[in-house]
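Encoded as structure tokens, the structure appears first; notes follow it.
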Amino acid sequence: MKTTRWATGALACAALMCVSATAWAESPINGIAEVKFGGYQPMIDSEFNGATPFATYYSNDLWFVETEWDLYVFEWVGKAGIGFHAGYASVTGDIRSADGASGDDVPGETSFSVIPLRASLVYRYDYSAIHHGIPLVPVFKAGLDYHLWWITDGSGETATSDGLVGEGAKTGWHASMGLNLLLDVIAPSTAAVFDKDWGVNNTYLFAELMMQRVDGFGGQGFDLSDDQLLFGIAFEF
Amino acid sequence: MRNTSRRVAAAVALGAGALMCATPAAALTPTTGTEVTQTQVSGFSRYIYQLDDLQTTAFLGVDECVDAIEQDAEFTVQFTLLTPFTSPITDDLFEASYTFRVDRDDTTAVSCAGNEVCTTLDQQSDLTITDTAVQVSLSARELFQISDPVDCATVTSDDEFFVRLTWDPDRSTEGAFSTADMRFILDTTRPDAPTLDDALATENTISVGWTDSSASDLDEYALVYATESFSGGVLPTEVTAAISSARNQRVANNESNSQDVTADLTPEATVYIALASRDQAGNYSELSTVVETTVVDTVDFWEAYRNAGGSEEGGYCAHTPAGAPSHVPGALVILGGLVLAGLRRQR
């Protein structure tokens, strides 16, 4: 047991600063709020054999931002809870003439925007961070998605084609795993003040790999699926 | 506002160096004495094209001039006082207010004391004082010295007219005087037209590029377009009045000398486009040379996706494999949230 504990501590110190378990704030912990960013490229063109309308109009990835609020409902070895997410992603491209020309000869733009809404089951293994001084917290999430989307035409209004309005929603699911770095180890006194003044017990930087499959559970139409690498900051309260 | 009308005796006109006016340029910027918290013009507002941010300068163009002179409009300039004058008003406090005219952007200071440039308003009928404000009332014809509205359109001018109130806050015959002004800029000079260099049109957008007008008081541009032919060299209002399909869109005066404006056009149709200047007083120039162009048929992403054979049809119902109710995923989300929320309460 002593050898195991020594080896664990040595490993943590090799990667990061070691910290005493007493650096964590004393107030109750109820949940965590996250803000994260990354790129997003929906798999809309996967529907076609050869045609690439999405890539043709939108050469760049969508920039993606998402907020998440998790509420803890269970704690034993780590914490489990439910999470609610809301995000936003948008990209704009040049409108094109019927023969495919774009740029200065064809004024106007068309945009594609998405608001992902999700509900998750969340598990955070912070047991070692609390009890063993290892400031790394693995996080696992899975849940259901409902993504709102809309497309604008050259006038900025919602696009239409053959009587169909270019807006709607897609359902799906997601699963993710992430690694959180506890920032309290860097400035424990600041963390204590943060808790006292704002109720923020712990602050993390994190990276998260998320797999989302948003295609109406295999239905027809848009496939808004993507595998994303996201980075963000989290405040545990 | 409570009304207590009293007549005010005359005060002495300004000595240019004895007053609060700092520099010759500031003398022609409307002055506001420390006792005046606000200057407003009312009763005349429908004849004013716009006011500046401080509300102390009113701009009138040709159209406003014609209306005001035709109607012999009466306006009231109200100077709201910081402290009500509750003590009896004496002759050494106020003098009949003045009006005077200067050329546009003239920086020469004006002192009304014994100056024929200034017109003294009728002391008995033109001033009204309440416990919080002083009101100066006069007609447009009297202020602008124009009696025939035709002169507004035929006699080009670009002048500034001041209505000035003067008083001695210390009630001393040799004390420093305070002044407050309301400035009316009457500009009946139309600006020069710009040069429309290029114009493109799609179903939703008209894009134009131009060479600036030389007008020194240029405010913005007006883009006029129609699906019927018209000629340049006329006012935009003449085109919009004569052609039902004609539209007039505001275009900002920007550094890039180009702008896209929203339009609603039919692909492959012919559209006629021209540009006019508009100055700070709202006067249009004549239209530039008209550019004739064909509306380009455009395809946005949604149309391109559908044209490529995409199966998405839009809508907010959840798509599921055939046979499954469309609202199942949403229900699961809600149900799961309720269950877990209940577990949390028990924790």
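With a Förster radius of 30 Å applied to the beta-carbon distance between residue A:67 and residue B:53, the computed FRET efficiency rounds to 0.20. Could you look at the stretch B:163-276 and say what percent of its accessible area is carbon and sulfur, using a 1.4 Å probe and all protein chains? Carbon and sulfur: 40 percent of the exposed surface of the stretch B:163-276. Each label was represented as a point 7 Å from its Cα along the Cα-to-Cβ direction; for residue A:51 and residue B:228 these points are 4.1 nm apart.
The angle between the Cα long axis of helix A:2-15 and the longest principal axis of the Cα atoms of chain A comes to about 50 degrees, rounded to the nearest 10. To put it simply, the accessible area of chain A at a 1.4 Å probe is 63 percent carbon and sulfur. Using Cα-only point scatterers and the Debye equation, what is log10 of I(q)/I(0) for the stretch A:67-160 at each q in 0.22 Å⁻¹, rounded to two decimals? Treating every Cα as an identical point scatterer, log10 I(q)/I(0) equals -1.04. Can you work out the PRE-style zone for residue B:254? Point 7 Å along Cα to Cβ, and I want the residues of the stretch B:188-229 with backbone N under 11 Å. Of the residues in the stretch B:188-229, B:208 have backbone N under 11 Å from the label point off residue B:254. Hey, if you put +1 on the Cβ of every Lys and Arg and -1 on every Asp and Glu Cβ in the stretch B:175-221, which of B:178, B:196, B:214 ends up farthest toward the positive end of that dipole? The one lying farthest along the dipole's positive direction is B:178.
Quotient of the Cα radius of gyration of the stretch B:181-229 and 2.2 N^0.38 Å, N being its number of residues: 1.58.
Chain B contacts chain A over a buried accessible area of about 3800 Å², both sides summed; the probe is 1.4 Å and only protein chains count.
A 1.4 Å probe run over the protein chains yields, for the stretch A:111-178, 35 Å² of accessible area per residue, whole-number rounding. In the stretch B:271-319, burial by the other protein chains removes 40 Å² or more of accessible area from B:299, B:300, B:301, B:302, B:305, B:306, B:308, B:311, B:312, B:313, B:316, B:319, compared with the chain on its own (1.4 Å probe, ligands and nucleic acids ignored). Each peptide in A:228-236, B:238-246 gets a packing score, the mean of other Cβ atoms within 10 Å over its residues, and the list from highest to lowest is A:228-236, B:238-246. Annotation: extensible slack from residue B:125 through residue B:155 equals 7.7 nm (criterion: 0.36 nm per residue apart, minus Cα-Cα distance). Binned at 10 Å from 0, what are the whole-percent values of the Cα-Cα distance distribution for chain A, short to long? All Cα pairs, binned at 10 Å, distribute as 7, 27, 26, 18, 13, 7, 2, 0 percent.
To the nearest 500 deg cm²/dmol, what mean residue ellipticity at 222 nm is calculated for chain A from DSSP H runs of n ≥ 4 alone, each contributing -39,500 (n - 2.57), summed and divided by the residues? That comes out to -4000 deg cm²/dmol.
On full extension, the segment bounded by residue B:195 and residue B:211 gains 5.3 nm, given 0.36 nm per residue less the C-alpha separation.
The values are calculated or read from the model by the stated rules, or taken from the named source; none is laboratory data. Source: prediction; values computed, not measured. In this analysis, Cβ positions are derived from the backbone assuming ideal geometry, glycine residues included, and neighbour counts consider all displayed protein chains. Quick note on the areas: whole protein, heavy atoms, side chains included, nothing else; ligands and nucleic acids left out. Shrake-Rupley method; radii C 1.70, N 1.55, O 1.52, S 1.80 Å.
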